[in-house]
1. May I ask you to say which residue of Gly68, Gly86 is under 14 Å from Ala23 (Cα atoms) and not in a helix (DSSP H, G or I)?
2. Just to be sure, is Arg177 in contact with a Ser or Thr (Cβ under 8 Å, 6 or more places away or on another chain) and either under 16 Å from Leu49 (Cα atoms) or in a loop (DSSP other than H, G, I, E, B) (or both)?
3. When you check Lys165 against the structure, is it more than 30 Å from Leu15 (Cα to Cα), surrounded by fewer than 21 Cβ atoms within 10 Å (Cβ to Cβ) and of a type in the set (Lys, Arg), yes or no?
4. When the stretch 125-162 is examined, which residues are found to be part of a helix (DSSP H, G or I) and hydrophobic (A, V, I, L, M, F, W, C)?
5. Residues of the stretch 83-93 being within 17 Å of Val32 (Cβ to Cβ) and without any contact (Cβ under 8 Å) to a residue 40 or more places away in the chain, which ones?
Amino acid sequence: MTASSPSNSTQVTPLQRRAIALAALTQAVYLVDSIARKGLADAEDSRALIESIFNDPAGSDSPAEVYGGIKQLSTGIRISREILQGKSMPQTKALMSYSAGLLTIEQRLNKDHEMRSKLGEGMARIDKQKHYFGSAVHPSVCAAIADLYGETISTMKPRIIVRGKSEHLSQSENTRRVRTLLMAGLRAAHLWRSNGGGHLTLLLRRKAILRELELLQKSISLD
């Protein structure tokens, strides 16, 4: 077992896929909350998530490949574990609220053909920008993703209301970063649902998913 994949010799199980998707979703909302409260978000953690927006999960053996490997999700794995273990964290309520909102929106988006088409057309345009600038995290690319989020996902209900310090949220750059990371969180929510995850999965399979997260964290430490 390596940090680039849950397993190189055995097939990735649906449960492992769900654990990876959960880690990605958690990492996305954790970074959103960090920007809202502190005005900061880890650059490498953000990069892996933003790049995932452009990666096709259908062409990957594991959701981990969408993020460039398990190691890129180490923050999400750690925070997911702490939440499932019931550890007290000041941001837990906000993270769970943002995650639930993204899961609900993704579920509704899956049934809204017109909105999915608009989102797909927008991402196709932004993908060309990404190739032109040579980076998914180029400011112009992130701004385009944020604008697309505002034109599409922000119009859906329930709207995700990010709460934090006005001194940070009032800055346009932070608004763009938050929206870009929420778009990445939506991608993770899609991976979660497409691999059998649902709103009740964490309640019914909490211990099993926690075990998978512990294995993923162990694989990173052994790298």
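The values are calculated or read from the model by the stated rules, or taken from the named source; none is laboratory data. Every value quoted in this text rests on a predicted model; they were computed, and no experiment measured them. Backbone-built Cβ (ideal geometry, glycine too); neighbour counts: all protein chains shown. These area figures cover heavy atoms from the full protein model, side chains too; ligands, DNA and RNA do not enter into them. Shrake-Rupley method; radii C 1.70, N 1.55, O 1.52, S 1.80 Å.
1. Working: Gly86 fails: under 14 Å from Ala23 (Cα atoms).
When all the criteria are applied, what remains is Gly68.
2. Details: in contact with a Ser or Thr (Cβ under 8 Å, 6 or more places away or on another chain): yes; either under 16 Å from Leu49 (Cα atoms) or in a loop (DSSP other than H, G, I, E, B) (or both): yes.
Spelling it out, Arg177 is indeed in contact with a Ser or Thr (Cβ under 8 Å, 6 or more places away or on another chain) and either under 16 Å from Leu49 (Cα atoms) or in a loop (DSSP other than H, G, I, E, B) (or both).
3. On the way: more than 30 Å from Leu15 (Cα to Cα): yes; surrounded by fewer than 21 Cβ atoms within 10 Å (Cβ to Cβ): yes; of a type in the set (Lys, Arg): yes.
Criteria met by Lys165.
4. So the first thing to find is which residues in the stretch 125-162 are part of a helix (DSSP H, G or I), and the list is 125-133, 139-151, 153-155.
Within the stretch 125-162, Ile126, Phe133, Val141, Cys142, Ala143, Ala144, Ile145, Ala146, Leu148, Ile153 qualify.
5. Applying the first criterion (within 17 Å of Val32 (Cβ to Cβ)) to the stretch 83-93 yields 83, 89-93.
Once the filter is applied, which keeps residues that are within 17 Å of Val32 (Cβ to Cβ) and without any contact (Cβ under 8 Å) to a residue 40 or more places away in the chain, the stretch 83-93 yields Met89, Pro90, Thr92, Lys93.
Residues checked against (1) open to solvent by 20 Å² or more (accessible area, probe 1.4 Å); (2) within 18 Å of Leu191 (Cβ to Cβ); (3) in contact with a strand residue (DSSP E or B) (Cβ under 9 Å, 6 or more places away or on another chain); (4) touching a residue at least 40 places away in the same chain (Cβ under 8 Å):
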site: Leu95; (1), (2), (3), (4): no, yes, no, yes
site: His113; (1), (2), (3), (4): yes, no, no, no
site: Arg116; (1), (2), (3), (4): yes, yes, no, no
site: Met123; (1), (2), (3), (4): yes, yes, no, yes
site: Asp127; (1), (2), (3), (4): yes, no, no, yes
